[in-house]
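Here, each number is a calculation from the coordinates, and none is a lab measurement. On a predicted model such as this, the values are computed, not experimentally measured, just so you know. Reconstructed Cβ throughout: ideal geometry from the backbone, glycine too, with neighbour counts over all protein chains shown.
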């Protein structure tokens, strides 16, 4: 720790160094620079700092330790109130993707969503500079010929990767939510998938209690609502990807008996391919009527 190669400077024998750590203070025989007074060596998280005053180090070390653990802004789902971030109410006006962030801000947006952690470090930093938050997706394999949620070994390997990704980004102040997969539930009948999702949700909440955890589904059918309610109590909410059905979503959730928190995680313009202009116009009018009904309720 105090040898020539690690310190990168010429040294002479005959002096004593004071080696300080946050939890241990002790003296060891060592060497000192050719010129100047004895310095303090301060190793913290793999970084070595040279300080002339132990008191300065103590204050610095305390500050660095606090920063390392207080970077995350706590986010909560409060029943009857909605989302809070840093103790303040937070309503999401978001978009999917990581580009055109300036345009998002210009339209009143405050958050973005990703589907994986690819390039997430740069995305989080860019969002932080603009005062935006990031709902980070964590990729999970779908049930397929190369992955099965009934295979314990494959699930354990995937869980290890998820843990590594969460621990890498959990302290970033721009992080809002952690999304475990996007539309990997199929028709909702695979109980093994829901059970493994619960295992992952519990693990994520243990290592990162500051950020709510969810999964996003392709519409919340009765079968999917049943699987979530029976097997995933540790998920903080469900993300619902919906498009033309958005105006009637509230009534649909009542129909399937969903009384847990939810967030619209995907929405876009309704498609019109293959429809006549009159059909599109009539559908637009119907949507407007449904939107007025939704607007009269508190979402």
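Look at the alpha carbon pairs under 8 Å that are at least 6 residues apart: their mean separation over the length of the range 75-267 gives a relative contact order of 17 percent. Peptides 177-187, 148-158, 78-88 ranked from most to least packed by the mean count of surrounding Cβ atoms within 10 Å: 177-187, 148-158, 78-88. On the principal axes of its alpha-carbon atoms, the range 75-267 has extents of 44, 39, 29 Å, going from largest to smallest. Relative contact order, whole percent, for the range 196-237 stands at 57, derived from Cα pairs under 8 Å and 6 or more residues apart. Alpha carbon centre of the range 94-147 versus the range 216-245: separation in Å? Answer, in whole Å: 21. Neighbour counts of other Cβ atoms within 10 Å put 262, 250 in the fewest-to-most order 250, 262.
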